[in-house]
1. Local charge sum around residue 73 (other residues, Cβ-Cβ under 10 Å, Lys/Arg +1, Asp/Glu -1)?
2. So what are the ³J(HN,Hα) numbers for the stretch 222-231, from phi and the Karplus equation (6.51, -1.76, 1.60; θ = phi - 60°), rounded to whole Hz, Gly and Pro as x?
3. At R0 = 25 Å, how high is the FRET efficiency between residue 158 and residue 17 if r is their beta carbon distance? Nearest 0.05 is fine.
4. Under a 1.4 Å probe, what is the accessible area of the stretch 1-151 per residue, stated in Å²?
5. Let's see if you can work this out: charge +1 on each Lys and Arg Cβ, -1 on each Asp and Glu Cβ, no other charges. What is the dipole magnitude of the chain about its Cα centre, in debye to the nearest 20?
6. Using a 1.4 Å probe and ignoring any ligands, DNA or RNA, find the accessible area of residue 168 and quote it in Å² to the nearest 10.
7. Specify which residue in the list 119, 84, 166 is farthest towards the positive end of the charge dipole of the chain, using unit charges on the beta carbon of Lys, Arg (+1) and Asp, Glu (-1), about the Cα centre.
8. Give the relative contact order (percent, whole number) for the stretch 134-231; include only Cα pairs under 8 Å separated by 6+ residues.
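The values are calculated or read from the model by the stated rules, or taken from the named source; none is laboratory data. Computed from a prediction, not measured in an experiment: that's the story for all the values here. Because the Cβ atoms are built from the backbone with ideal geometry, glycine has one as well, and the counts that use them run over all protein chains shown. Side chains included, ligands, DNA and RNA excluded: accessible areas come from the protein's heavy atoms. Shrake-Rupley method; radii C 1.70, N 1.55, O 1.52, S 1.80 Å.
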Amino acid sequence: MRINKFLAQAGYGSRRKCEEYVLGGLVTINGEVITDLATQVQESDKVEINQERLKAKQDFSYYKFYKPTGYVCSTNADGGPSIFDLLPLKSGLTYIGRLDKESEGLLLISDDGRLTYKLTHPKFKKEKVYLVRTDRSITDGEISRMQSGMLIDGVMTQRAEVEKLNQRSFEITLTEGRNRQIRKMCRKLGLRVHKLKRIEVGSIKLEELNPGQYIELNKSEMNIIKQILEN
């Protein structure tokens, strides 16, 4: 098994993030620092990251969490209250696909790096659904522009599904996760976002949760996770 895959299965984030650990010289195998991403890990190897010995995990935890507004997806106290103040104190848990401080709604929480990779890498095109309320009425032309793609930060956004709910609200489904994408799309149209709430990630729905609550995924949701990991 390649080293980045081994680290991801040990709960240290996506394979891309684990590659950063390797390239940064933080990983040792049998006492030797390795920086070659092609390195293979054998069952008998002693793998450490920051001097902590790892084993590829098999039993992962999966939660869904209603992130309230005002909380940051970070452990940096300078940014404000952290979502980790509200989550179970369990080693290796992290969020999958951040929400900015002003946004609320569904975050999947897990220690399974494979799931992070499957849900956040753009090549898999996993859908995320958001409810958006703006400061003024939205025109049909503006809805069409969001659907067909917009030039944001010098790159065209992918096509999106957008359904107008009322004069100032719409539902948007994205298959990419660019930084503050919806807010930037609205700003380019002269719209100000008053509320942004994520209600679905990869067919997992927010449903009954209230702000600040989390719950382990149920059997049907775990079946969805299994399909995501296998495809």
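1. Charge balance in the 10 Å sphere: +2.
2. After applying 6.51 cos²θ - 1.76 cosθ + 1.60, I find 5, 5, 5, 4, 4, 5, 4, 5, 7, 9 Hz.
3. Between residue 158 and residue 17 the formula returns 0.60.
4. Numbers: 7660 Å² over 151 residues.
Accessible area per residue, the stretch 1-151: 51 Å².
5. Dipole size: approximately 740 debye.
6. Accessible area, nearest 10 Å²: 120 Å².
7. Going by the Cα projections, it comes out as 166.
8. Numbers: 83 pairs, mean separation 21.9, N = 98.
So the answer I get is 22 percent.
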